[in-house]
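Presented below is the structure to which this report refers.
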Amino acid sequence: MKIDNGSPDKNVTGPVHSAMTIRLQEKWTRFLVRQPESGMGYQRVDVRLANNRKIKDVVVFNAEEIELPDDCGQCEIEEMRIHDS
């Protein structure tokens, strides 16, 4: 998982080590079940949060649970797409 803190002079920072698993809203689950899996039972996605923070290469399990950094637990996801490898 890589994070963009929204700063114009910083693109994407390095790996994040402290993450929590959060249940996705139903609209994101519906979106993901129509997308290909990255592996057995999971997908890798890029998300943009309501505060414009971008997180790339995030793991979603069974189209229902996403791993986000601890400080993003209460942030709403505004945009999601399948991560390009």
Step by step: first the residues of the stretch 23-49, then only those that are within 13 Å of Glu76 (Cα to Cα) and surrounded by 11 or more Cβ atoms within 10 Å (Cβ to Cβ), then the one that is nearest to the chain's Cα centre (by Cα). Which residue is that?
Val47
Within the stretch 34-46, can one find any residue that is in contact with a Leu (Cβ under 6 Å, 6 or more places away or on another chain), in a strand (DSSP E or B), modelled with pLDDT of 95 or more and among the hydrophobic types (A, V, I, L, M, F, W, C)?
no
Report yes if some residue within the stretch 65-74 is within 8 Å of the chain's Cα centre (by Cα), of a type outside the set (Ser, Thr, Tyr), at pLDDT 95 or above and not in a helix (DSSP H, G or I); otherwise report no.
yes
Which one is nearest to the chain's Cα centre (by Cα), of the residues in the stretch 52-64 that are under 19 Å from Lys27 (Cβ atoms) and exposed (fewer than 14 other Cβ atoms within 10 Å of the Cβ)?
Phe61
Residue satisfying condition, being at pLDDT below 95 and surrounded by 11 or more Cβ atoms within 10 Å (Cβ to Cβ), within set Lys2, Lys10:
Lys2
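The values are calculated or read from the model by the stated rules, or taken from the named source; none is laboratory data. Keep in mind the model is a prediction, meaning the values are calculated, not measured. When we count neighbours, we look across all protein chains shown, and the Cβ atoms used for this are built from the backbone with ideal geometry, even at glycine.
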